[in-house]
Amino acid sequence: KAGYLIKKDEEKANGQRAIDRSWRKYYVYLWGTFVRIYKSEPLDVHHVPPILQFSMDKTIVNLAVDYTKRRNVFRIYLPTGHRYLFQAEDRDDCISWIENLQSS
Ligand code: I3P
């Protein structure tokens, strides 16, 4: 699965509050068990280094029901302590991302 999502960093490694907390649009590509994040859709996804990549191993993904400022937002918890919010375009896309990430 791949597509544009709007991301906000909530916490960085070790659960420290992220410094840059603004929402930004990124191209997100789920490659096997890896999430690769690009500024925009690369011409060749396998030859352009992502700006961020992490494994879905030992992560937790769920709907961010407590985050009420935006709709269709899910959260990813990484074992490193990083915590990200992602906003999808609509409800279906949000559920689809959660399901794909959970089964990756
Ligand atoms: C952040 C930006 C985010 C906001 C965040 C701000 O400022 O306004 O939209 O998160 O609030 O720090 P900046 O763009 O100057 O970095 P919300 O949209 O969730 O309110 P926060 O620090 O309370 O997370």
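Values in this text are rule-based calculations from the coordinates and carry no lab data. In this text, all values refer to a predicted model and were calculated from it rather than measured experimentally. As a convention, Cβ positions derive from the backbone with ideal geometry for all residues, glycine included, and neighbour counts pool all protein chains shown.
Ranked by how many other Cβ atoms sit within 10 Å of their own Cβ, fewest first, the residues Phe54, Phe34, Phe86, Phe74 fall in the order Phe34, Phe54, Phe74, Phe86.
Give me the net charge for the shell around Asp92: Cβ to Cβ below 15 angstrom, other residues only, Lys and Arg +1, Asp and Glu -1. Can you show the working numbers first?
Details: positive: Lys1, Arg71, Arg91; negative: Glu89, Asp90, Asp93, Glu99.
Residues near Asp92 contribute -1 overall.
In a fully extended conformation the segment linking Tyr67 and Ala18 would gain 16.0 nm over its present Cα-Cα distance, using 0.36 nm per residue.
Over the chain, the hull volume per residue, using the convex hull of the C-alpha atoms, is 96 Å³. Ordering Thr59, Thr33, Thr68 from the fewest to the most neighbouring beta carbons within 10 Å gives Thr68, Thr33, Thr59.
Relative contact order for the chain: 29 percent, from Cα pairs under 8 Å spaced at least 6 residues apart, divided by residue count.
Rounded, prolate or oblate: pick one for the range 17-67, where a ≥ b ≥ c are the square roots of the eigenvalues of its C-alpha gyration tensor, a/c under 1.5 means rounded, and failing that, prolate if a/b is larger than b/c, else oblate.
Details: a/c = 2.14, a/b = 1.38, b/c = 1.55.
Verdict is oblate for the range 17-67.
Ignoring lysines fewer than eight residues from Lys12 along the same chain, the ones with Cα atoms less than 18 angstrom from its Cα are Lys58. Which of rounded, prolate or oblate describes the range 43-86 when judged by the alpha-carbon gyration tensor and an a/c cut-off of 1.5? Oblate, because a/c is 1.5 or more while a/b does not exceed b/c.
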